[in-house]
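Worksheet: the structure to be examined is printed underneath.
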Amino acid sequence: MDSQFWITAWNEGRTAFHGEHYHEKLTEYFPQFNPGKGQRVLVPLCGKSKDLLWLHGLNLHVHGVELHAQAVKDFFSENGLSSPHIDQDQDFTHFTHGNIIISCGDFFKLNEHHSYDYIYDRAALVALPAPMRKGYAQVIKQSLKHGGKYLLIVYDYDQSKMEGPPFHVGGKEIHDLYEDQFTITLKESQKPKNEGTRLSAIDSLHQTVYVLEKIL
């Protein structure tokens, strides 16, 4: 799987992963971090998620990263955020409106070091096949500040029942990826609601929520 897979998915409208409402686990767990005005949150592989708006409503500086340019443009136009400022560097095209920035480009090229107070991942890690997840985790590790919090939502299911994405990411893999630099707390694991026909058909499906805190 490469970047073209996701560009094609957006172009063909295969975006069942895009939610039309704020994610209920974001609104349940993120306030427990007691975020402060002006703190920074990173949202990897954000698409055109409305969750960016909810985070912005907490007076946070929101930085999404998304591969597909049309998804970025749609976010601003569909939410009435007209004429974002656009600038470009070697790796990204940055769309800015107030305290929301979406950088369009390859997330694996993000070169931020200890820059964020929080990371929110609802559909990023599970979008990646296993060989790509270690590299993803390395970007997460370098980007988050010491003491920063990471809200991670994944799917746990029998991978033989469905070809991803979204992929199964179990608890052992979460620990293998992150326990060298994070404390890891399992908050809940439940069968989710309203996850579309493909996922809902899997009896073993659980949506699992973790909170990680960076200790190194």
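The values are calculated or read from the model by the stated rules, or taken from the named source; none is laboratory data. Since the model is a prediction, treat every value here as computed from it, not as a measurement. Ideal geometry is used to build each Cβ from the backbone, glycine not excepted, and the neighbour counts take in all protein chains shown. These accessible areas exclude ligands, DNA and RNA; they are computed on the full protein's heavy atoms, side chains included. Shrake-Rupley method; radii C 1.70, N 1.55, O 1.52, S 1.80 Å.
Annotations for the structure displayed:
- Wholly within region 121-216, strands (runs of 3 or more DSSP E) carrying at least 3 residues that are open to solvent by 50 Å² or more (accessible area, probe 1.4 Å), closer than 22 Å to VAL43 by Cα and of a type outside the set (A, V, I, L, M, F, W, C): 144-156, 182-190
- Among the residues examined, ASN99 does not qualify as over 29 Å from GLY135 (Cβ atoms) and modelled with pLDDT of 95 or more.
- Taking residues in region 39-58 that are in contact (Cβ under 8 Å) with a residue 40 or more places away in the chain and under 16 Å from SER77 (Cα atoms), and partners anywhere that are open to solvent by less than 50 Å² (accessible area, probe 1.4 Å) and among the small types (Gly, Ala, Ser), the pairs with Cβ atoms closer than 7 Å and at least 6 places apart or on different chains are CYS46/GLY64; GLY47/ALA71; SER49/GLY19; LEU52/GLY64.
- Every residue from region 195-210 that is among the acidic types (Asp, Glu) and within 21 Å of the chain's Cα centre (by Cα): GLU195
- In region 101-127, the residues that are of a type outside the set (Lys, Arg) and over 15 Å from the mean Cα position of the chain (by Cα): ASN111, GLU112, HIS113, HIS114, SER115
- Residues (farther than 22 Å from LEU128 by Cβ and open to solvent by 10 Å² or more (accessible area, probe 1.4 Å)) located in region 45-73: LYS50, LEU53, TRP54, HIS56, GLY57, LEU58, ASN59, HIS61, LYS73
- Residues being under 16 Å from ALA123 (Cα atoms) and in contact with a His (Cβ under 7 Å, 6 or more places away or on another chain) - total across region 147-173: 3
- Among the residues of region 43-95, those that are among the hydroxyl-bearing types (Ser, Thr, Tyr) and over 15 Å from ILE119 (Cα atoms) comprise SER77, SER82, SER83, THR93.
- Total residues in region 176-197 satisfying the condition of being closer than 27 Å to LEU144 by Cα and not acidic (Asp, Glu): the figure is 10.
- Boolean, ILE119 is modelled with pLDDT of 95 or more, out of contact with any Pro (no Cβ under 8 Å at 6 or more places or on another chain) and of a type in the set (A, V, I, L, M, F, W, C): no
- Answer residue from region 101-113, given it is over 16 Å from ALA69 (Cβ atoms) and hydrophobic (A, V, I, L, M, F, W, C) and is surrounded by the fewest Cβ atoms within 10 Å (Cβ to Cβ) among those: PHE108
- For ALA71: the one exception among (1) of a type in the set (A, V, I, L, M, F, W, C); (2) at pLDDT 95 or above; (3) touching a Cys at 6+ places or on another chain (Cβ under 9 Å): (2)
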